[in-house]
1. Mind listing whichever residues of region 80-94 are more than 8 Å from the chain's Cα centre (by Cα) and under 17 Å from Glu123 (Cβ atoms)?
2. Checking Ser138 against (1) touching a Leu at 6+ places or on another chain (Cβ under 8 Å); (2) over 18 Å from Glu44 (Cβ atoms); (3) surrounded by fewer than 15 Cβ atoms within 10 Å (Cβ to Cβ), which test does it fail?
3. For Cys67, only one of the following conditions fails: (1) more than 28 Å from Gln121 (Cβ to Cβ); (2) in contact with a Cys (Cβ under 7 Å, 6 or more places away or on another chain); (3) at pLDDT 95 or above. What is its number?
4. Consider Ala118 carefully, then state whether it is of a type in the set (Gly, Ala, Ser) and part of a helix (DSSP H, G or I).
5. If you take the residues of region 63-89 that are small (Gly, Ala, Ser) and in a strand (DSSP E or B), which of them is surrounded by the fewest Cβ atoms within 10 Å (Cβ to Cβ)?
6. In region 121-135, which residue that is farther than 28 Å from Ile76 by Cα and not aliphatic (A, V, I, L, M) is surrounded by the most Cβ atoms within 10 Å (Cβ to Cβ)?
Amino acid sequence: MFGAEICQSCQSNALGGDYPTSALGAPGPGERPGECAVLVVDDEAEIVEELCELLGSRGFRPVGARCVPDALNRLIADSAIALVITDLSMPGASGLDLIRECRRNPTLRSRRFRFVLATGQTELTTTMRAEIQDAGVSLMLKPIRPRELLTLLAGGRA
């Protein structure tokens, strides 16, 4: 559904430039291919960069994406990704759309992902809350606080 599409943010400002190598999905210095990776998806480049830097400094191999189509391509290309931190509201397709597509896509649905949805919206619709709860997805409010995120990733509650 999303694979062939290119969103405006990805097309106009693709990952590269100031992102660490590990944010592009390639192993960084001292990393081995196949290590557990974390996909960070947000249409705001600064958020992707900051979260990738935080996760990289804590021993994760971060992979950045700026839209759902790019995220799906990265998930298909990198079987080491087990955790996805995604913005809920993005232009084109949402974080919930990404989760739905991962569960529908023949290549991805057999893999087990842990999802964290990040949002600046304090008031979500009843339908959205129900879908998030039914999917077993963790929800974090923006701005994301590093300590809360790391606690959540360690298995605790944020």
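The values are calculated or read from the model by the stated rules, or taken from the named source; none is laboratory data. Note that the structure is a prediction, hence the values are computed from the model and not measured. Don't worry about glycine lacking a Cβ; one is built from the backbone with ideal geometry, like all the others, and counts go over all protein chains shown.
1. Those that are more than 8 Å from the chain's Cα centre (by Cα) and under 17 Å from Glu123 (Cβ atoms): Leu88, Ser89, Ser94.
2. So Ser138 meets the others, but not (3).
3. Cys67 satisfies every listed condition except (1).
4. No.
5. For region 63-89, the residue satisfying everything is Ala82.
6. Gln121
Quick grid of which residues meet (1) within 22 Å of Leu55 (Cβ to Cβ); (2) part of a loop (DSSP other than H, G, I, E, B); (3) touching a residue at least 40 places away in the same chain (Cβ under 8 Å):
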site: Pro91; (1), (2), (3): no, yes, yes
site: Leu98; (1), (2), (3): yes, no, yes
site: Arg103; (1), (2), (3): no, no, no
site: Ala130; (1), (2), (3): no, no, no
